[in-house]
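The values are calculated or read from the model by the stated rules, or taken from the named source; none is laboratory data. Just so we're clear, the structure is a prediction, and the values are computed from it rather than from any experiment. Here Cβ is always computed from backbone atoms with ideal geometry, including for glycine, and neighbour counts include all displayed protein chains. Side chains are part of the model used for accessible areas, which takes the heavy atoms of the whole protein and leaves out ligands, DNA and RNA. Shrake-Rupley method; radii C 1.70, N 1.55, O 1.52, S 1.80 Å.
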Amino acid sequence: RFKLEAVDGSWGPVEMTTLEDGTIDLSKLPTGAAVVTELDCPGYVIDDAQRIIELKPNEDAQFVFTNSRLPSLHLLKTSSDGSPLAGVSFRLAKIEDGSHYLDRTTSATGEILWEGLEPGVYSLVETATKNDHIIDLKEHHVELFPGKTSEIVLENHKRPNLTVYKRDADTGELVPNTIFTVRAADGHSVDEIKTGPDGKAELKNLLPG
């Protein structure tokens, strides 16, 4: 959608919209110099530069305007073993306007595609991850450029597991039904675990420490 008006102010402004083939017929406009301003171009970056065109009598002329597509951001989230990680949530916000944000969750292939974004620098923050992985607390900055899809690959480390074996000091045989209390270094209790018939007790999905 364009706005056109005479440079000398003798007519306009008028708004005109391109047809399916991307053209506008200007033959019904008065001759002379005209200012052309682009108002809207869905899915594309607005060309905000005003152009002066000259409409001459008895002449055919062609004026070409080009637009770049709005940028996109493609995210791939992987586990530390390289496999795609589904179900991880992210918040994307343009840094200069943090009040507007887009929340998305990775697909079964560990991917998110944000399309139709404005060019600029964005903040990308992980807000939730799988319960057997460690959340990435780092804020990532990504710059998006007109007509391009930016790519970012991020990784989550798996949470560690603890396995305890209980053996008889004399015979070396495994001892079942032994209860252990597991505490973090700062003293707070994490859980109680009990050895099974194989003398083994497990505690899964701990935080590092």
Completion exercise
Rounded to a whole %, the carbon-and-sulfur portion of the accessible area of the chain at a 1.4 Å probe is 49
Practice task
Please work out the ratio of the alpha-carbon Rg of the stretch 147-209 to 2.2 N^0.38 Å and round it to two decimals.
Solution key: 1.78
Problem - Viscosity 0.692 mPa s, temperature 37 °C, Stokes-Einstein D of the chain from Kirkwood C-alpha radius, µm²/s - result: 143
Problem - Shape parameters for the stretch 55-134, alpha-carbon atoms, Rg then Dmax in Å - result: 20.2, 74
Completion exercise
The pairs in Lys166/Lys204; Lys130/Lys194; Lys3/Lys28 lying past 23 Å Cα-Cα in this model are Lys130/Lys194
Problem - Sites Val7 and Asn67, calculated FRET efficiency, Cβ-Cβ separation with R0 25 Å, nearest 0.05 - result: 0.60
Practice task
Work out, in µm²/s and without decimals, the Stokes-Einstein translational diffusion coefficient of the stretch 89-195 at 25 °C, 0.890 mPa s, Rh from Kirkwood over C-alpha pairs.
Solution key: 137
Fill in the blank from the handout: Two pseudo-spin positions, 7 Å from Cα along C-beta at Thr105 and at Asp40, lie apart in nanometres by 3.4
Problem - Per residue solvent-accessible surface (Å²) - the stretch 59-102, probe of 1.4 Å - result: 58
Handout entry: Contact order normalised by residue count of the chain, Cα under 8 Å, 6+ apart, percent
Key = 15
Practice task
Figure the gain on full extension for Asn58 and Ser189 (residue separation times 0.36 nm, minus the Cα-Cα span) and round it to one decimal in nm.
Solution key: 38.2 nm
Exercise for the section: Any aspartates and glutamates with Cα under 18 Å of the Lys158 Cα? List them, leaving off those in the same chain fewer than 8 positions away. Expected result: Asp81, Glu126, Asp132, Asp136, Glu202
Handout entry: Amide H within-cut-off set for Thr149, under 5 Å, with H built and near neighbours excluded
Key = Ser72
Problem - Inter-site label distance for Lys28 and Thr149 at 7 Å from Cα along Cβ, in nm - result: 4.1
Problem - Translational diffusion of the stretch 1-117, µm² s⁻¹ [Kirkwood Rh, Cα pairs; Stokes-Einstein; 20 °C; 1.002 mPa s] - result: 119
